[in-house]
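**Q** Dropping the structure in here first, questions after.
The values are calculated or read from the model by the stated rules, or taken from the named source; none is laboratory data. Everything quoted here is computed from the prediction, not taken from an experiment. Reconstructed Cβ throughout: ideal geometry from the backbone, glycine too, with neighbour counts over all protein chains shown. For the accessible areas, the whole protein counts, side chains as well, though only heavy atoms, and no ligand, DNA or RNA atoms are used. Shrake-Rupley method; radii C 1.70, N 1.55, O 1.52, S 1.80 Å.
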Number of protein chains: 2
Amino acid sequence: MAWWKVSAARRDVNPDLASERERPSFNVETLTNILDVGVEETRIRRAVVSLVIKDPIFSREYMYFKTPSERYEGAIRNTLHMQRKIKEMGWDENGREVKYIYRALNGETDVVHNVFIKTINALGTDEQIAKWMPLAMDYKILGTYAQTELGHGTYLRGLETTATFDPTTQEFIIDTPQIAAIKWWPGGCNTHTVVVAQLYSNGQKYGIHPFIVQIRSLKDHSPLPGISVGDIGPTMGFEMLDNGYLIMRNIRIPKENMLSRYSQVLPDGSYVKSGSDKINYFSMTAVRVSILRDEVLEALMKACTISVRYSAVRRQSELKPGEQEPKILDYQSQQHKLLPLVATCYAFDFTSKYVNKFNEDVFSEINRENFTSLPELHALTAGIKALATEICSNGVEVCRKACGGHGYSLYSGLPSLYTKVTASCTYEGENTVLHLQGARFLVKCFAAAQSEPLLPTSTAYLSSPSAGECQAMTSADFLNPEVYLKAYECRAYRLIASAANKMQKLVQSGAEQYLAWNSTSVELVKAAIVRVYSYYTRSRLSD
Amino acid sequence: MAWWKVSAARRDVNPDLASERERPSFNVETLTNILDVGVEETRIRRAVVSLVIKDPIFSREYMYFKTPSERYEGAIRNTLHMQRKIKEMGWDENGREVKYIYRALNGETDVVHNVFIKTINALGTDEQIAKWMPLAMDYKILGTYAQTELGHGTYLRGLETTATFDPTTQEFIIDTPQIAAIKWWPGGCNTHTVVVAQLYSNGQKYGIHPFIVQIRSLKDHSPLPGISVGDIGPTMGFEMLDNGYLIMRNIRIPKENMLSRYSQVLPDGSYVKSGSDKINYFSMTAVRVSILRDEVLEALMKACTISVRYSAVRRQSELKPGEQEPKILDYQSQQHKLLPLVATCYAFDFTSKYVNKFNEDVFSEINRENFTSLPELHALTAGIKALATEICSNGVEVCRKACGGHGYSLYSGLPSLYTKVTASCTYEGENTVLHLQGARFLVKCFAAAQSEPLLPTSTAYLSSPSAGECQAMTSADFLNPEVYLKAYECRAYRLIASAANKMQKLVQSGAEQYLAWNSTSVELVKAAIVRVYSYYTRSRLSD
C-alpha cells in the first residue's frame, strides 16, 4: 500500500521516542510522585486530567483557527461547564481537584470573575462578604477588577481615579478625571467591578482603596448612565480574555460599597483604619508565589516536554559520514540548549515549594500580629517573581527555536506558550521595578549589617566577615550545592557593597540621594538578581 | 469642556516628545542622509513612503482585527496594486523606488512569486528564462519555491523528493516517496513551482537540483492529477503568508523543466556540469546579506523608535519625592535597556553596508572565475546572519517589554514585529547550524595558520603571534574601537585555539573525528560568535 493511503489514525509510539524511554536511570513514577507531592496526588491529578480530556465540551479542537471572540466564548463555556462538573463531583471549591481542573483547562477559562470574588473575600467586611458573595457565586452579578489605568500600572500610588466622599448623601463619587486615568485591561463581560481609586474625604487624600461599582444594567447588560466601556483591542496572547477600558463620569455609589476590612469612612467623613494594612502586602506576595507555581513554571515544563520529545524523533544532518542521520537530541549544541532548562524546571519546582512554605509561615506569624518577616517575604517574592518569569519566558522561547521551523507552527503548541507566558514579565509588577524593590531591601540590610548582627535568614551573609571567600578548592567541589550557595552569596555581597559604596560616594560628592539611587540602578538590579539566585540555591539545599 | 469630549483628531506633538527633540547635539537631516546613503536617496525614499501612506488601497486600518485569510488577500491586493503603481510611475523593477515601496509596505505583500522569478533568472538557461519569464511577469502563471520538506530543512542534502530521468520519454518523474518528504512551507496560491529534488539518472544519484513543476490547472486552479496540496496551518507570525504542503505522486515533467544553467541531463541520461556550481553558494550569501539589511535590522530600528518615543512620553513612579513623575526614559535602568539597542542599529547599518560591499567584490571576482574569497564570504555571511537575527529578535523583545503592558497590545506594533522577526532565526539556515559552519571555516584557518602565513583578511589574526595581547592600558583606551577589535580577535583566537586543542586531544585519546567535533560544538559556536563580533567591529573601523 502506498504511504499516502496509510491511515493517519495509527497511534504507535515513535520508535525513536520509545528507545529513549527504555531503561531510565531512575523510577519515573517515583519522581512523578515527588513532583506531585504524594502518590495520592498523582492519582487525583490523573483522574481530573482524564475527565477533562474525555469531555467533548472541553475539546480544544480547531483552537488555533478560532477568532479571539470564539476563544473568549469558549473560555466562558468552559468556566460554566467546569462549575457544573465541580458541583456534580462534589469537589471542594478550594480543594485539589479544582486546582487540577483549572490546570488541565490550560487557562481557557474566565478567571476575571474569580479575581472579583477573591478581592471581596480578602478586603470586604463580614457584612460585605455576606451581601456580595451569594450574588457572585450564583452568577447573579458578574465581576471584574479595575486597577491599572492607561497612565499607571506598577506604580499604584500614581492611580488617578478618584472616590470622593459626599457626607450629605453618604455616597462616594467615583470619577475618571482625565484620559490617562481611564481604567485599562480589566476583562470579561461584567455587571460589577472592584474599582481601585484615590480616596478623598473632607478635602483630605487617603491613598488608594477598593470600591464596588455597578457598571451595567442587570436587565440587559447595557452600560449604566455615566459609564463608558469598550475593548482595548487585541494583544500578543491571552486570546481567550477580552481586555477592556472603563470610564466613570461622576458615578455615585453608596458608602457601603467601599471594601472596609482594613479602613473605612465614617458618616461624618472621618477616616478610620481597622487592623494593619500591612496585610495588603501579604495578598500581593501570595499572588507572586502562585505565578511561579501555576503560570510560568508550567509553561516551561510543557515547552521542555515538547522540545525534548521533538528532539528525540527529529533526525537531521550528518554526524558520522555515511551513517543514519542522528536524532538532534544527540547533538551537543541541542543538549546545551534544552537540558539546563529541564534542570531549571526541577530547581523552580523545589523553589516554589520552599517559598510557598515560607509564605505560609509568615502568614501564621501575621495572624499573631508579628510582621517581622513581611519585608523579607515581600522583597523575596518580588525577586523570585521577576527572575522566574524572565527565565521561564526566555526558556520557552529557547525550546521553541530549538524545534526549528516546526517550532514556528502554532500546532507545536510552543508559540502560544510563549506569547502568553511573556506577559508575566509585566503583570503583577514590572520586573525591573520589582528587582529594584528587592535591591532597596538589600541596601537596607547591608546598612543594618554594619550595626545589627541579626539580619533576616536569607541575607545573613551580608554581615558575615567571610562573605568574600569562595570555598571551591578542587573541580569536584563544584558539584556541591553549598559551594554555589556561598559563591552566589559572595557575589551578591560584593555587588551590593559596591553599589552601596557608589551611592555613598555620589552623595558625598554632592548628588541628591534619589539621583545617586538612579545612577546606581543598573548595579542594584544586578545585585538583586544574584541575590535571588542564592535564594534558589538555598531552596534546593533545604530539601 | 470635559476631557472626554475633546476630539480624538487632535494631532499636536506630545510636549514631552517635543522637548526631547529640541536642540539635538547633531544635525538630524545629515544623519538621515548618511543612513540613506545620500540626500537624493532620502528624498526618493520619502516620496515613495508618502505615496504609500496616501493611497487608500495600501491602508493598514483594522490590520490587527483581520483573519489570516483577510491578511493574505490584502497582501495579494497590495502586490497587484504595487505592480500597477510601478508601471504607472515608470520605475525600474530593480531600482531604488521599488526597494522603497517594498519596505514601505512592510511585508504585507506576496513575495513568493518573486522568489520563483528570481530562481528561474538565477538557475535557468537563457532559453528557459526566455520561455518562463514573460509568463511569470504577466502573471499568466503563478509560482512558488518548494525546497524544505516536513523532515528536512537546513540540511539540504537530506531532501528526499526524487526526480528520476526516464530516457524513453525524455521526462523526469517527480515523486514524494514518504511522509517526511512532503514539501512543507511553500506559500501562495500557485499554478507552478520550482521543486528542489534529488536527481537520479541511469541509476546514479546526482544530488539536489531545481525543476519547474506545474501543480494546478491554468483553467480553474484545481490541483493536477497526482498532486495534493493544502495549508499547513497557522504560524506565530507572517499572517499575510499562507504556508502549504505539496505531495507529488510520480508526476511526469518534460526534460526541459530542469533548470540547467549549471548542470543538465543529456537525452541519453548522462549528467553534465556546465560552469561552476560554486555560484550556487553565492546566491545563498546574497540572501543572507539581504536578511540583515531588509528584514531584521529594520525590525529593530522600528522597535527602538517606538520604545524610545514611548519612554519619552510615559511618566511613571517617583524619583525625587514630591516632584512630577519622571519620564521613564530618565531612569538609568530604562536607558540601559534601550540605548545599547539604538547603538546596535547604527552598528548593524554600517556592518550591512560593509558586508554588502564585500559580497559585491566577491561577485566580481567570481565572474572572473576567481573563487578564492568564496569560503570566507560564505562563513562570514552565515555568522552575520545567525548573530544579527538573534540580536535583532532579542532586541525587539527587550524594546517590547520595556513598554510594559502597552508593549503587549498589538496596537503598539511591537508584538507583531517580534513574532515575525523571530522566524529569521530559523529560515535561510538555522542559527546554530550556521555558527557551526562558521566554526568549521575558523578551524580550517587555524590549522592553515600553522603552515601558511596568508589567511583571509578577516582571520589574519589567527596566524599573528601577538594575537594574545590586549592593547588597553588606560580606561580611556576603551573608547578606541581598535582596542575592541583586538580584544574580540584575541578572544576568538583563544576560543578557537582551545576548541581545536580539545578536539585534537579527544582524537589522540581515541575518539573518532566526528565525535570530537560534536563534543566540542558548544565551544565552537562560542568561538564563531566572537569572530562575528570582531567582524562587526572591523566593519565600523572601515568607515
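**Q** Of everything in region A:133-152 that's open to solvent by 20 Å² or more (accessible area, probe 1.4 Å) and within 12 Å of chain B (Cβ to nearest Cβ), which residue is farthest from the chain's Cα centre (by Cα)?
**A** A:Leu150
**Q** Find the strands (runs of 3 or more DSSP E) located wholly in region B:161-212 whose residues include 1 or more that are touching a residue at least 60 places away in the same chain (Cβ under 8 Å) and either touching a Lys or Arg at 6+ places or on another chain (Cβ under 6 Å) or surrounded by fewer than 16 Cβ atoms within 10 Å (Cβ to Cβ) (or both), and list them.
**A** It comes to B:162-166, B:171-175.
**Q** Pull up region A:222-242, narrow it to residues that are under 21 Å from the mean Cα position of the chain (by Cα) and aliphatic (A, V, I, L, M), then point me to the one that is farthest from the other protein chains (Cβ to nearest Cβ).
**A** A:Met240
**Q** Checking B:Leu31 against (1) under 30 Å from B:Ala343 (Cα atoms); (2) open to solvent by 80 Å² or more (accessible area, probe 1.4 Å); (3) not β-branched (Val, Ile, Thr), which test does it fail?
**A** All conditions pass for B:Leu31, except number (2).
**Q** Can you find, within region B:86-101, the residue that is nearest to B:Ser283 (Cα to Cα) among those that are part of a helix (DSSP H, G or I), open to solvent by less than 60 Å² (accessible area, probe 1.4 Å) and in contact with an Asp or Glu (Cβ under 8 Å, 6 or more places away or on another chain)?
**A** B:Val98
**Q** State yes or no: is B:Thr119 among the hydroxyl-bearing types (Ser, Thr, Tyr), in contact (Cβ under 8 Å) with a residue 24 or more places away in the chain, buried (at least 18 other Cβ atoms within 10 Å of the Cβ) and not assigned by TED's automatic domain parsing to the domain that holds B:Glu295?
**A** yes
**Q** Looking at this structure, is A:Arg77 charged (D, E, K, R), part of a helix (DSSP H, G or I), touching a residue at least 24 places away in the same chain (Cβ under 8 Å) and out of contact with any strand residue (DSSP E or B) (no Cβ under 8 Å at 6 or more places or on another chain)?
**A** No; evaluated as a whole, the condition is false for this residue.
**Q** Suppose we keep only residues that are out of contact with any His (no Cβ under 8 Å at 6 or more places or on another chain) and of a type in the set (A, V, I, L, M) within region B:368-386. Which one would you say is surrounded by the fewest Cβ atoms within 10 Å (Cβ to Cβ)?
**A** Only one residue tops the list, namely B:Leu374.
**Q** Among (1) closer than 30 Å to A:Phe65 by Cβ; (2) more than 14 Å from chain A (Cβ to nearest Cβ); (3) at pLDDT 90 or above, there is one condition B:Asp110 misses while meeting the rest; what is its number?
**A** If we test B:Asp110 against (1) closer than 30 Å to A:Phe65 by Cβ; (2) more than 14 Å from chain A (Cβ to nearest Cβ); (3) at pLDDT 90 or above, just (3) comes out false.
**Q** Going by what's in this entry, would A:Val296 be described as at pLDDT below 95, among the aliphatic types (A, V, I, L, M) and assigned by TED's automatic domain parsing to the domain that holds A:Tyr354?
**A** Taking the combined requirement at face value, the residue does not satisfy it.
To keep it simple, each residue is scored yes or no on (1) open to solvent by 30 Å² or more (accessible area, probe 1.4 Å); (2) without any contact (Cβ under 8 Å) to a residue 60 or more places away in the chain; (3) part of a helix (DSSP H, G or I).
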site: A:Glu428; (1), (2), (3): yes, no, no
site: A:Val433; (1), (2), (3): yes, no, yes
site: A:Ala460; (1), (2), (3): yes, yes, yes
site: A:Ala487; (1), (2), (3): yes, yes, yes
site: A:Leu495; (1), (2), (3): yes, yes, yes
site: A:Asn518; (1), (2), (3): no, yes, yes
site: A:Val525; (1), (2), (3): no, no, yes
site: A:Val530; (1), (2), (3): no, yes, yes
site: A:Tyr533; (1), (2), (3): yes, no, yes
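**Q** Find all pairs meeting these conditions: Cβ atoms under 9 angstrom apart; at least six residues apart or on different chains; first residue within region A:319-347 and facing chain B (nearest Cβ under 9 Å); second residue basic (Lys, Arg).
**A** A:Glu325/A:Arg315; A:Pro326/A:Arg315; A:Pro326/A:Lys320; A:Gln334/A:Lys327; A:Lys337/A:Lys401
**Q** May I ask you to say which residue of B:Ser25, B:Ser7, B:Ser19 is more than 14 Å from chain A (Cβ to nearest Cβ), part of a loop (DSSP other than H, G, I, E, B) and at pLDDT below 95?
**A** Result: B:Ser25 is the single residue among B:Ser25, B:Ser7, B:Ser19 that is more than 14 Å from chain A (Cβ to nearest Cβ), part of a loop (DSSP other than H, G, I, E, B) and at pLDDT below 95.
**Q** If B:Ala130 passes every condition in (1) surrounded by 22 or more Cβ atoms within 10 Å (Cβ to Cβ); (2) over 23 Å from B:Asn243 (Cα atoms); (3) of a type in the set (Gly, Ala, Ser) but one, which one does it miss?
**A** For B:Ala130, the exception is condition (1).
**Q** Let me ask something else about it. Please determine, by comparing only the residues of region A:227-259 that are assigned to a loop (DSSP other than H, G, I, E, B) and open to solvent by less than 20 Å² (accessible area, probe 1.4 Å), which one is modelled with the lowest pLDDT.
**A** In this case the residue turns out to be A:Met240.
**Q** State yes or no: is B:Arg293 open to solvent by 50 Å² or more (accessible area, probe 1.4 Å), away from chain A (no Cβ under 11 Å) and more than 27 Å from B:Leu387 (Cβ to Cβ)?
**A** no
**Q** Right, another one. Step by step: first the residues of region B:404-418, then only those that are open to solvent by less than 10 Å² (accessible area, probe 1.4 Å) and more than 7 Å from chain A (Cβ to nearest Cβ), then the one that is nearest to B:Arg288 (Cα to Cα). Which residue is that?
**A** Applying the filter and picking the extreme gives B:Tyr418.
**Q** Something else: Residues of region B:29-64 being of a type in the set (A, V, I, L, M) and not in a helix (DSSP H, G or I), which ones?
**A** Scanning region B:29-64 gives a single hit, B:Val37.
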